[in-house]
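Input: a single structure, listed below in C-alpha cells.
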Amino acid sequence: MKMKIKKGDKVKILSGKDRGKKGKVIEVLPRQGKLIVENLNLAKKHLRPQKEGEKGKRVEVAIPLPASKVMLICPNCGKPTRIGYKIEGKKKFRICKKCHKEIM
Ligand SMILES: [Zn+2]
C-alpha cells in the first residue's frame, strides 16, 4: 500500500478515543496500511515476568492506527489537510490541498 503520510509528519486523529488529538508519526507500516503516532492510541500491555520471583509489568504501548483514521497537519498552514501530489519534471512531491505549498 502506498502511504501518503511519512515518518515525522504531524497528524490529527479523526476517530476513536484519541479523536482530535495531534501527534507525530514515528513509524509507518505500508504493508498493513497503518502508522504509529507518538504517545497516542495507547494500550496497556502486560509483560510477563522475565525471571522467577519477579512481577509482571504493565506498560503502555502505542498501537498502530489505520492511515485512514488520521489526517496530515500541514507544516505550512497548520491545518489538517488532504495530501495531493505535484510532478515537476522527474520530481514528485506532496502538496497541501489547502495552501498548495509543498509538504516537506
Ligand atoms: Zn497547507
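Rule-based calculations on the coordinates, nothing more; no lab input. Computed from a predicted structure; not experimentally measured. Backbone-built Cβ (ideal geometry, glycine too); neighbour counts: all protein chains shown.
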Those residues of region 1-32 which are in a strand (DSSP E or B) and of a type in the set (Lys, Arg) amount to Lys10, Lys12, Lys22, Lys24
Ile95 meets each of (1) part of a loop (DSSP other than H, G, I, E, B); (2) of a type in the set (Val, Ile, Thr); (3) free of Cβ contacts under 8 Å to residues at least 24 places away in the same chain with one exception, condition (1)
For residues that are surrounded by 12 or more Cβ atoms within 10 Å (Cβ to Cβ), free of Cβ contacts under 8 Å to residues at least 40 places away in the same chain and assigned to a strand (DSSP E or B), scanning just region 48-83, find the one that is farthest from the ligand (Cβ to nearest atom).
-> Ala62
Residue satisfying condition, being within 19 Å of Met1 (Cα to Cα) and touching a Leu at 6+ places or on another chain (Cβ under 9 Å), within set Pro66, Pro80 = Pro66
All positions within region 84-104 that are of a type outside the set (Val, Ile, Thr) and near the ligand (Cβ under 10 Å from one of its atoms) | Cys96, Lys97, Lys98, Cys99, His100, Lys101, Glu102
Any chance Ile36 is near the ligand (Cβ under 10 Å from one of its atoms), touching a residue at least 12 places away in the same chain (Cβ under 8 Å) and either of a type in the set (Ser, Thr, Tyr) or not in a loop (DSSP other than H, G, I, E, B) (or both) = no
